[in-house]
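Quick notes on the structure that follows.
Since every read-out is calculated from the coordinates, none of them should be taken as a lab result. Every value quoted in this text rests on a predicted model; they were computed, and no experiment measured them. Cβ sites come from the backbone with ideal geometry, for glycine too, and all protein chains shown count toward neighbours.
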């Protein structure tokens, strides 16, 4: 006799009963189950957008050396573009915010190592002469360029700076370069400054003329300064002083309404100057290759 | 002052006398003016004493000081009647009651006194070692040695002396009174322990700062190849201190400064002070030159006598080049005025410091030229040892023209402007590339 399982103890309902039930429950169903055939669907984009098989690569950033060793460069020239510091800035070179190495002085590029500075780093530096070599020997005096020229200060400025002090020997007018060398060679015999300077010499001396009349007053906000109306009239008073001496501070003659000839002259001067400047620039560009 | 605005909120709360307090409050201060104040206010808030002549039932309660009650009964009275707790330990209060000025070494703390006893025993031992070492040195010096062993004997004596100095330090290093005296600035720098403490203090911060400034400003290697500062320097112009590397107004530096040189080993020695400017612009060479602003030798300095007024040194025996005011011409970069302290050589055997013949140097002519002064050569020639360095900077300011004129220096009306660098030739591409 077959074993009776508890499941088979209850008899299954007949097919008629089942169809009746399903008809009754059809209206209560939320959605009809769709029976679709399984079609394989492939999507153009995956979850990782843009990558099919391997990681996407961006456009090349043109990193690397832009000036080779020995090339002549001027300040600001980019020497090496990099991500991070493969190379460090050496003598007369500096690094920008994205680790780009620029030249800091006009000269010739050198790629080198300097174990005294750092045991592992590589440097890019500038030398001033093609025969010079980096790194410099330890404790050597640094190589530096002045990169400046000496000019005589304009007369008005130097007048303003001259003090009311008796200068013992009259200083002869000499060209700037000779004057400097002359002073430095004979410095042993220089007069020593007086042990006690008089108060006048010690205080700041203003230049003669309009500045004498400008006096500092306590303005609102606890600042000591000349008042605005004095500042505003400074130019006018300067012109008045100059005219008293027979000179003028004006670059152009005072405008006279109706004098078209003077106006034309002034604009003609300006136009000529601009044309000249443009012509100079054009000539330079044409000459370069 | 009842309620001080400067006191914190908690302090004010504790000191507040408006509210009735059931429990006495113990604060952290050892001095308790507020307690006495509260005492006073409470005393004043107490009912006025009965008029004279009237009989009183209870005797007037005696006011006790919380700092000096030492008996149990007195403490109880203080707490119960005055509502204040005593301050500190009973031993302390007893000591203060006897006298207010207890010397540091007699402070009545047991652990402290035990420790003091240990340190005193150790010091006694060290003093004994010092005595023994001194005797040893004397005995060894008295020994006769063969001429070929003289150098070895001298070296050994020097080593023994060094050991003796170490022992002197060890005897005093644990003394709290020494430490306190040094921190209060009362240390006598003739004694090795105070010199050691001062040296240690200098090296802990100010020397590292000095070295940082010197290396960042490239004084070394521009002027001298290397330096190991052993003496500390303090520079001041017209009484105003100048920190290492500070910018000094040209009018301030017109007159010679005052320099304090502090050595940390004993004895007098002779120094040479030199001020060199390595940033003098030279337009022809497109480079920089050196200029010596001051040079003086045979300056005697000891650990207690440290001040040198450079303007007051003797012209005959000391000053080779007098003070030239520091100046920076307009437009030129700032000028570094580096000051070096160079120790003069010791003569062999005698231990005396050699003087430099100033007259001979002046007559020689090589080192009397300010412009192009080579300090490396001067140091090598006279066997000097760089032991100290200082730095100040100068640039063009309102007073520079005046300073240069008064000193008779040519070039006060010279302005430096940057040279135009010719741009590199570039081939101009067609306009499409520049869109």
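Tabulated data for the structure shown
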item	result
Segment A:138-155 residues near the modelled residue B:419 label - backbone nitrogen below 20 Å, point 7 Å along Cα→Cβ	A:142-153
Two-site FRET efficiency, residue B:159 against residue A:63, from Cβ-Cβ distance with R₀ of 60 Å, rounded to 0.05	0.45
Sorted by Cβ density within 10 Å, fewest first, the residues B:432, B:178, B:341	B:432, B:178, B:341
Cα gyration tensor shape of chain B, rounded if a/c is under 1.5, else prolate or oblate by comparing a/b with b/c	oblate
Computed log₁₀ I(q)/I(0) - Debye formula, equal Cα scatterers, no solvent, segment B:329-425, q 0.12, 0.20, 0.23, 0.25 Å⁻¹	-0.65, -1.12, -1.24, -1.31
Gaussian network model of chain B, springs between alpha carbon atoms under 10 Å - residue of B:424, B:210, B:78 with greatest fluctuation	B:424
For segment B:111-269, the spread of Cα positions along each principal axis, largest first, Å	60, 56, 27
Least to most buried among B:292, B:111 (fewest other Cβ within 10 Å first)	B:111, B:292
Cβ neighbours within 10 Å from other chains - mean over B:393-405	3
Between segment B:313-387 and segment B:202-280, the Cα center-to-center distance that results, in Å	14 Å
Simple spin-label estimate for residue A:71 and residue B:137 in nanometres, 7 Å along Cα-Cβ	6.8 nm
In nm, spacing of pseudo-spin labels at residue A:162 and residue A:23 (7 Å Cα→C-beta vector)	12.9 nm
Helix-only [θ]222 nm of chain B, DSSP H runs n ≥ 4, -39500 (n - 2.57) each, per residue, nearest 500	-10500 deg cm²/dmol
Highest-MSF residue in chain B out of B:63, B:119, B:384 [GNM, Cα springs under 10 Å]	B:63
Prolate/oblate/rounded label for segment A:66-136 (Cα gyration tensor, a/c 1.5)	oblate
Of B:242, B:132, B:421, the one that fluctuates the most in a GNM where chain B has Cα springs shorter than 10 Å	B:421
Pairwise FRET efficiency - residue B:216 versus residue B:286, Cβ, R0 = 30 Å, nearest 0.05	0.75
Label-point gap, in nm, between residue B:97 and residue A:273 - each point 7 angstrom along Cα→Cβ	9.8 nm
Degrees, to the nearest 10: B:72-82 long Cα axis against longest axis of chain B	90 degrees
Number of partner chain Cβ atoms within 10 Å, mean per residue of B:273-284	3
Burial ordering of A:162, A:249, fewest other beta-carbon atoms within 10 Å first	A:249, A:162
Residues residue B:206 and residue A:99, FRET efficiency given R0 of 35 Å [Cβ-Cβ distance, rounded to 0.05]	0.45
For segment B:218-406: rounded, prolate or oblate by the Cα gyration tensor [a/c cutoff 1.5]	prolate
